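Q: Below is a structure I'd like to ask you about.
The values are calculated or read from the model by the stated rules, or taken from the named source; none is laboratory data. In this text the structure is predicted, and so the values were computed from the model without any measurement. Neighbour counts are summed over all protein chains in view; Cβ atoms, including those assigned to glycine, are modelled from backbone coordinates with ideal geometry. The protein model used for the area step is the full one, side chains on, heavy atoms only, and it has no ligands, DNA or RNA in it. Shrake-Rupley method; radii C 1.70, N 1.55, O 1.52, S 1.80 Å.
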Amino acid sequence: MQRQMFKELATLFALCAGSLLSLLLIGRLLQLRDILISQSLGFVDILKMFAYLSPFFLLLLIPIACMLAVFLTLLRMNTDLEITALRASGVSLYQLLPAPLLLALLCTAATFWISFSGLAWGMENFRSTMLELARSKTQLVLQPGVFNMDFPGLTLYAQNADTKSGKLKTVFVKDASSGERASTILAPTGVIKTNKDEGEIVFQLENGKIYRHEKDGLSVIGFGTYQVRMDLSRMFHGYKPGDVRPKEMSWTRLHELDDKNISEGVDDNWARKIRVEIQKRVVLPLACLVLGLFAIPMASMFSGLHRHWGLLLALGFFLAYYTLLSLGLSLGETGVLSPVVGLWLPDVLFFFAGLYGLRQAANERSIPVVEWMRHLRTLGRKAEHVS
């Protein structure tokens, strides 16, 4: 029985997680459509980029998919009177716990891995891929002997351009990206590089001259090395690959920054975001276990519901959880409430609610909220019958 139940739980979990992840990735695809079209990406490149983005979404999706799988499986068993038959044969609700708890524990372990390692790995590779695509496009569009104006504020020309190494010869650059008077730069050699930390394409020129129009004439400045930097946020329609937010950092990096902020006595908005993110990385994995436990008695008490109504009910429970979590995040980042209190409160509330509901369901009792909802359902049916 436990094996069959676990198979059903795992199947529903895969369906829920896959469906929700697909929806979020499609939404992200629509947000990045300008970038993807402008970079002329192939299907394999798009799949690779979204594979790197998946851990970012799965950190939140796994808890809700776990809750939905447990809720819908037990709701189906309750609606089909399987649980009633098992209880009649002497099987208590507690004896049905191993399969749901095993799924919840596996989801918790997977989410901990994503939280501590997978998320930073995915975002790091995503940024690296975006930078590499930008560098490749830059090298490809710089055709020898052709003036190029594909980059905002820059006009580029190279008599010779190596598309593999990025080396340039006899280079002309007109730089108007700063918004001030344009500069004309001439150099015999140059090379295209990427600055991963800042999210920039860098045109490094050697042994050239800079020409600027001043009020009293033309100024000429010689240089040994000069760098023309192009912010990729302009090339990528607002997306800046160099920006690393706390929710994209590794677990180790978050603790390094937090220890540094504590030692220096920093308590600004950035420091609070670091502390909030550290708590979130632990709270969300444990939410798999908490919400999975909470779903067991809820599904047992709401007998007779159709699956689509059960799905809406489960989503409503998760929305209540996520609302409390979002409130804790906001209050923690603004310094109104300690991140420990704000982020752990939803887990604690739902954990004890799950334990209380499990005890009531095991004793074949209900809770006031369930009775109130059943009463509303009965009144609705009577109204439909009268009409």
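Q: Within the set Lys193/Lys215; Lys174/Lys260; Lys209/Lys247; Lys48/Lys167; Lys7/Lys280; Lys7/Lys273, which residue pairs have Cα atoms separated by over 32 Å?
A: Over 32 Å apart, Cα to Cα: Lys193/Lys215; Lys174/Lys260; Lys209/Lys247; Lys7/Lys273.
Q: Once ligands and nucleic acids are excluded and a 1.4 Å probe is used, how much of Lys260 is accessible, expressed in Å² to the nearest 10?
A: The value for Lys260 is about 110 Å².
Q: What order do you get for 50-62, 214-226 when each peptide is scored by the mean count of other beta carbon atoms within 10 Å, highest first? Before the final figure, lay out each step's value.
A: Values: 50-62: 19.7, 214-226: 9.9.
Packing order, densest peptide first, comes out as 50-62, 214-226.
Q: 5 Å is the cut-off here: which amide hydrogens, built 1.01 Å from N in the peptide plane, fall below it relative to Thr189, excluding neighbours closer than 5 in sequence?
A: Long-range HN contacts for Thr189: Thr170, Val171, Glu206.
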